[in-house]
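Computed from the coordinates by the stated procedures, all read-outs in this text should not be read as laboratory data. Because the structure is a prediction, the values reported are computed rather than measured. Methodologically, a virtual Cβ is constructed for each residue, glycine included, from the backbone with ideal geometry; neighbour enumeration extends over all protein chains shown.
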Amino acid sequence: MDNQPAPDGVDPNIPNVARMYDYYLGGKDNFAADRESAERILRLFPDTRDSARENRAFLARAVRHLVEAGVDQIVDLGSGLPTQGNTHEIAPEAKVVYVDYDPVVCAHGRALLADGPQVTILQADVRQTGDLLDALAEHVDFKRPVAFLMLCLLHFLPDDQAYPVVAGLGEASAPGSHLVISHAIDTTPDTTPEALAVYKQATAALNLRTEEQIAHFFDGYEMVEPGLVYPKDWRPQEQPLFGERSTSVGLAGVGRKA
């Protein structure tokens, strides 16, 4: 993207967490500042690229489960830049709404995916939950089950925003709705301060949580087996991406509202 002018309102010199994630996945929709910050994280956590791939693989398996469970409305919150294995490609018969507050993400989404009867790109901020629900109501029938995907999103929100957001979405959804989360966890305290410093200079600071704190997001939901686990361990396929070795720096789970 370096040879292309940045969209209005976008500072290419400030690292963007969505574009950093795109870089981890091998994408090209990023600027030099994004790559520099991502490389700093990779020096601290060499498995970050593999962890990002594990996370995408978890998304695919979780969405297939949603389809099998009969959910045909999926809201992908903090969806990030389009890449391989997008939600609507895994669930082509479902109504999929991609939500992100980043204008670059939304512009790329509209250019690459195109709005249609089954796919919508919505620019909105999950922290403004009331406004988000009002916008979603034009595309989602909240009287029927809906699935909220929040992959690698909540660890970019502090407690006083993250927990109310999840609670608000749960209150607005019907029984049979699902919550899908992946979230970073602090497992390497020696390098954590430096990693936090990198993200403090980006568009969103990183908020690591314990397993118990992550599990708290699923209050009001019944955990789908196998519960809150490493992404690779959530209903793994016969051939895991990285064998028995887990490269993940986080946990993942799916809950169903009774």
For the stretch 73-80, Karplus-derived ³J(HN,Hα) couplings (6.51, -1.76, 1.60; θ = phi - 60°; whole Hz; x for glycine and proline) come out as 10, 10, 10, 9, 8, x, 5, x
Using the Karplus curve 6.51 cos²θ - 1.76 cosθ + 1.60 with θ = phi - 60°, work out ³J(HN,Hα) for each residue of the stretch 12-24 in order, rounded to whole Hz, and write x for Gly and Pro. x, 8, 9, x, 10, 5, 5, 6, 5, 5, 4, 5, 4
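Calculate, in nm to one decimal, what ALA197 and ILE14 gain on full extension: separation in residues at 0.36 nm each, minus their alpha carbon distance. Please report the intermediate quantities before stating the final value.
Details: separation 183, 0.36 × 183 = 65.88 nm, distance 1.36 nm.
The span from ALA197 to ILE14 would gain 64.5 nm if fully extended.
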Treating only the Cβ atoms of Lys and Arg (+1) and Asp and Glu (-1) as charged, compute the dipole magnitude of the chain about its Cα centre; round to the nearest 20 debye. 400 debye
With labels modelled as points extended 7 Å from the Cα through the Cβ direction, what inter-label distance (nm, one decimal) is found for ASP186 paired with ALA258? 3.3 nm
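If you take the Cα atoms of the stretch 76-170, find Rg, then find the Kirkwood Rh from the mean of 1/r over all pairs, what is Rg/Rh?
Working: Rg = 12.8 Å, Rh = 13.7 Å.
Result: Rg/Rh = 0.94.
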FRET E, pair ALA32, ASP125, Förster distance 45 Å, beta-carbon r, rounded to 0.05: 0.95
Once amide H atoms are built 1.01 Å from N in the peptide plane, which residues 5 or more positions from LEU122, or in another chain, come under 5 Å H to H? TYR98, VAL99, ASP100
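Report the gain in length on full extension from GLN213 to ALA137: 0.36 nm times residue separation, minus Cα-Cα distance, nm rounded to one decimal.
Working: separation 76, 0.36 × 76 = 27.36 nm, distance 2.96 nm.
Stretched fully, the GLN213-ALA137 segment lengthens by 24.4 nm.
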For the chain, I need the span (max minus min coordinate) of the C-alpha atoms along each principal axis, in Å, sorted largest to smallest. 45, 42, 37
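As a test of the formula, what do you get for the chain when each DSSP H run with n ≥ 4 contributes -39,500 (n - 2.57) and the sum is divided by the residue count, at 222 nm and rounded to the nearest 500 deg cm²/dmol? List each step's numbers first, then the result.
Working: 9 runs with 92 residues, N = 258.
Computed ellipticity for the chain at 222 nm equals -10500 deg cm²/dmol.
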